[in-house]
1. Does the range 115-136 hold any residues that are aliphatic (A, V, I, L, M) and either part of a helix (DSSP H, G or I) or not assigned by TED's automatic domain parsing to the domain that holds VAL310 (or both), and which are they?
2. Can THR112 be described as closer than 25 Å to ALA336 by Cβ, in the same structural domain as ALA276 (by TED's automatic domain parsing) and of a type in the set (Ser, Thr, Tyr)?
3. Inspect the range 251-262 for any residue being under 23 Å from ALA147 (Cα atoms), of a type in the set (A, V, I, L, M) and in contact with an Asp or Glu (Cβ under 6 Å, 6 or more places away or on another chain) and give the result as yes or no.
4. Just to confirm my filter: which helices (runs of 4 or more DSSP H) fall fully inside the range 204-280 and include at least 2 residues that are of a type in the set (Gly, Ala, Ser)?
5. Out of the residues in the range 272-313 that are among the basic types (Lys, Arg) and under 13 Å from the mean Cα position of the chain (by Cα), which is surrounded by the most Cβ atoms within 10 Å (Cβ to Cβ)?
6. Given the structure, is ARG139 charged (D, E, K, R), in the same structural domain as VAL310 (by TED's automatic domain parsing) and in a loop (DSSP other than H, G, I, E, B)?
7. Could you please let me know if ILE300 is touching a strand residue (DSSP E or B) at 6+ places or on another chain (Cβ under 7 Å), of a type outside the set (Asp, Glu) and either within 19 Å of SER386 (Cα to Cα) or assigned to a helix (DSSP H, G or I) (or both)?
8. Pairs under 7 Å by beta carbon, first residue assigned by TED's automatic domain parsing to the domain that holds ARG27 in the range 413-429, partner part of a strand (DSSP E or B) and charged (D, E, K, R), six or more apart or different chains?
Amino acid sequence: MTATTPLQPLTNDFYAALRQRNAEVERRYRALTPKSADLFEQAKTILPGGFTRDAVLRKPYSPFVERGEGPYLFDADDRRLSDFWFNATSLALGHCHPAVTAAVREQLGKGTAFFAAGRGEIELGHEIARRLPSAERIRFTNSGSEAVMLALRIARAFTGRDVIAKFEGSYHGSYDDVSWSVGPAAAKLGPASRPNAVEESAGLPSGLGRTLVLPFNDIDATTALVEEHAKRIAAIIVEPMANRMGLLLPRKEFVLGLRQLCDKHGIVLIFDEVIAFRVGFHGAQGVLGVRPDLTTLGKIIGGGFPVGAVAGKADILMVSEPFKSGRVTHAGTFNANPVTMAAGLATLRQLTPEVFDRMNAMGERVRSELRGLCQGLPLVVTGAGSLFKISATGQPINNYRDSVTVDREWEEVASLSLLSDGFLMTTQLQGCISAVTTEEQTQGLVDRVGALLRV
């Protein structure tokens, strides 16, 4: 990548300059995507508000994609987009990777689903265990949300306790017991050392007395809260890379403290690595050097197909062992679906340590370039491994409360402007590198961000 010249702080309101161009940015996007606009109108005739997946919500509408190829997407308007999110990080090899498509085609020729076990689940299970020393046993599910649901049920059965502790600002899927304080408004947060449990969605049963919300990256305050409720806490679930706070790796002393706290009180420590497993060959737990009791997985282990898994200590997972009374039951028509297993195995076999090294090196170069561009501006660049994020804030981000200071409207306008220029990131300017992302693409993204900041 070429060297960048740090920008000087603007004398006026930095965020206002782009926010005031919102209507102009939207008009340009609409002019470029008339077919997506028409499809969105059609979608509204059958889908509530035109969407069936909250993750792709975008104003005025999401692009409708027709196909993917390598590091690119092609939308309904025949626009080629450089993909920097790869279906929420799940496609580490990019789109239509030859090894994955070959494995899927081979399995399709044999059948798509059977009311029986298959060798694929054994092979993929062993491949995951090879990367995660904490994975002594594995159960497969159909999504990361299902994996979290199963992990918490297993933890409750193993401990005989009922309370689940999770961290403020962390997202663990759509399961009721973790849909608390995911993105609460600043006015509802409560004290920093004792966060309120704020519902994330309508339709949730009361979380009072069932879900305990802890302060992220603060081991002292977390310890104090856990000590109060330790006899009732079945599990502490934590993201070893906090996605919605800014793809943020926690302090090592924080996760080490959690490990010690759980050991002291017989609490099951769960790492949610649905995204974080992508950080390195041994996942985020390998980077942090902390071994959890259970790990929830998803995304890249399915090679582009719906998947989830719970991996961890044998004695804990054996509470789901069949033909025993009082066991945790776990059925699912498509658990360990043979097509998913084939795609996931092909993907992980391609993701060697050397491939991770290349992706992570490119990710670090992007973060470094972006930090250079953002120097002196109220913008913070975070991330780890092959993931990166630009946050519209003037202060460092260490936890959810720091991220509340972010100007979301600025991020959304910037994201839409980049999308019009052919670069797909999230509306909160999260991005990631794939094994097939090119230097030309990353340099193009950095250059376009630099141009956007200079407007």
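1. ILE122, LEU124, ILE128, ALA129
2. yes
3. Among the residues of the range 251-262, not one is under 23 Å from ALA147 (Cα atoms), of a type in the set (A, V, I, L, M) and in contact with an Asp or Glu (Cβ under 6 Å, 6 or more places away or on another chain), which makes the answer no.
4. Working: elements: 219-229, 243-246, 252-265.
Counting at least 2 such residues, we get 219-229.
5. Initial filter on the range 272-313 (among the basic types (Lys, Arg)): 278, 291, 299, 313.
Within this subset, residues satisfying the condition of being under 13 Å from the mean Cα position of the chain (by Cα) are 278, 299.
Values: ARG278: 28, LYS299: 26.
That would be ARG278.
6. Criteria not met by ARG139.
7. Judged against the criteria, ILE300 is not a match.
8. Matching pairs, first to second residue: GLY422/ARG80; LEU424/ASP83; LEU429/LYS389.
The values are calculated or read from the model by the stated rules, or taken from the named source; none is laboratory data. Every value quoted in this text rests on a predicted model; they were computed, and no experiment measured them. We place every Cβ from the backbone using ideal geometry, glycine too, and count neighbours over all the protein chains shown.
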